[in-house]
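A short worksheet on the structure shown next.
The values are calculated or read from the model by the stated rules, or taken from the named source; none is laboratory data. Just so you know, these numbers come straight off a predicted model, no measurement behind them. So basically every Cβ, Gly included, is an ideal-geometry build from the backbone, and we count neighbours across all protein chains shown.
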């Protein structure tokens, strides 16, 4: 099977991998794929760094209140996130200007979820994980939206 990755998909993967490396965060192929899937969907196929009718920011479309919560978690766990703890800018708008930083914040957000990530080849499982833990039951997206965004850029 031949895999085709869009240009934006390749860029997103590079961004996520840089974030994991630069900030010494635990990574796996599942984590990389999940973050890229989230970015592809949440940014509207990599078109938006600010939510059209809302406060969410960056390619991962994280709301400032969620960002503040993740930052507080990082500060409380500085020994676990030492590289990131020393590079915490304020305010949340920084995620719109630095996608590598946004990916790192997104990874920490997902590290707080006690449920393990699905296998990297389980695209439906990763999409359901994104819906359950990133978008939640309150969000408008369906898990299929995450899967479809993935398939558009990483099939």
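Structure data summary
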quantity: Residues being outside any loop (DSSP other than H, G, I, E, B), farther than 19 Å from residue 16 by Cα and either touching a residue at least 40 places away in the same chain (Cβ under 8 Å) or in contact with a helix residue (DSSP H, G or I) (Cβ under 8 Å, 6 or more places away or on another chain) (or both) - total across segment 67-100; calculated: 2
quantity: Top-ranked residue of segment 18-51 - restricted to ones that are in contact with a strand residue (DSSP E or B) (Cβ under 8 Å, 6 or more places away or on another chain) and either surrounded by 15 or more Cβ atoms within 10 Å (Cβ to Cβ) or at pLDDT 95 or above (or both), ranked as farthest from residue 133 (Cα to Cα); calculated: 49
quantity: For residue 15: the one exception among (1) under 20 Å from residue 133 (Cα atoms); (2) outside any loop (DSSP other than H, G, I, E, B); (3) within 12 Å of the chain's Cα centre (by Cα); calculated: (1)
quantity: Matching residues in segment 133-144 - criterion: being surrounded by fewer than 19 Cβ atoms within 10 Å (Cβ to Cβ) and in contact (Cβ under 8 Å) with a residue 12 or more places away in the chain; calculated: 133, 141, 143, 144
